Amino acid sequence: MVVRSLEVISVPVSSQDRAKQFYTDALGFTAEMDSNFGGGDMRWVMLRPPGGGTAITLVTWFESMPPGSLNGAVLGCENLEQTLEELAGRGVVFAEDKIQEAPWGRWKTFTDPDGNGWVLQENTPGFAP
């Protein structure tokens, strides 16, 4: 057996509707699934970034994952300045005034409406995550 990919990341939220609106409207994610499960009392909301890749699911049912407890997940982009400008125009607020830099890339951080912490990163050319 070989692990071949990371399929879904659970993002703990307090309101799936509010979070879905943020991720689709502000970040441009695509809603792939929004349906009830578990006898109809729970809802599976799965979204995917505009460029594809690993999906996220907006969860409310994990007691060990309170809303806002996700931190450090990285979203990649090709042109950081352009993406920052576009997302800021959609209402995303970034934590740092200046772009942060390290050998592996350049980034800024932001939070979703519940306080889940995200990194928007442009990798250094030649760096393979």
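Here, each number is a calculation from the coordinates, and none is a lab measurement. Model, not experiment: these values are computed from the prediction. No Cβ is skipped: glycine too gets one built from the backbone with ideal geometry, and neighbour counts run over all protein chains shown.
So which GluC sites (Glu not before Pro) in the range 24-129 pass both tests, a DSSP loop state and at most 16 other Cβ atoms within 10 Å of the Cβ? Write out the running numbers ahead of the final one.
Details: sites: Glu32, Glu63, Glu78, Glu81, Glu85, Glu86, Glu96, Glu101, Glu122; in loops: Glu63, Glu78, Glu96.
For GluC sites (Glu not before Pro) across the range 24-129 that sit outside H, G, I, E and B with at most 16 neighbouring Cβ atoms in 10 Å, the list reads Glu63, Glu78, Glu96.
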Fill in the blank from the handout: Helix 80-89: inclination vs the chain longest Cα principal axis, degrees, rounded to 10, gives 50
Handout entry: HN-Hα J in Hz across the range 31-41 - Karplus 6.51, -1.76, 1.60, θ = phi - 60°, x for Gly and Pro
Key = 6, 9, 7, 8, 8, 7, 8, x, x, x, 8
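Determine the shape class of the range 18-121: with a ≥ b ≥ c the square roots of the Cα gyration tensor eigenvalues, call it rounded for a/c under 1.5, and otherwise prolate if a/b is greater than b/c, oblate otherwise. Intermediate values should be presented prior to the final figure.
Working: a/c = 2.20, a/b = 1.81, b/c = 1.22.
The shape class here is prolate.
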Exercise for the section: Just tell me the longest site-free run in the chain, where the sites are chymotrypsin sites (Phe, Trp or Tyr not before Pro) in a DSSP loop having at most 13 other beta-carbon atoms within 10 Å. Expected result: 1-60
Exercise for the section: Find how many whole Å separate the alpha carbon centroid of the range 53-94 from the alpha carbon centroid of the range 1-49. Expected result: 12
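State whether the range 1-78 is rounded, prolate or oblate according to the following rule on the C-alpha gyration tensor (a ≥ b ≥ c being the square roots of its eigenvalues): a/c under 1.5 gives rounded; otherwise a/b larger than b/c gives prolate, and the remaining case gives oblate. Don't skip to the answer; put the middle values down first.
Values: a/c = 1.44, a/b = 1.22, b/c = 1.17.
Rounded.
List the trypsin sites (Lys or Arg not before Pro) within the range 1-54 that DSSP assigns to loop and that have no more than 14 neighbouring Cβ atoms inside 10 Å. Numbers along the way, then the final one.
On the way: sites: Arg4, Arg18, Lys20, Arg43; in loops: Arg4.
Qualifying residues, ordered by number: Arg4.
Can you show me the helix-derived [θ] at 222 nm for the chain, built from DSSP H runs with n ≥ 4 at -39,500 (n - 2.57) apiece and divided by the number of residues, rounded to the nearest 500. Before the final figure, lay out the partial values.
Values: 2 runs with 16 residues, N = 129.
For the chain, the value works out to -3500 deg cm²/dmol.
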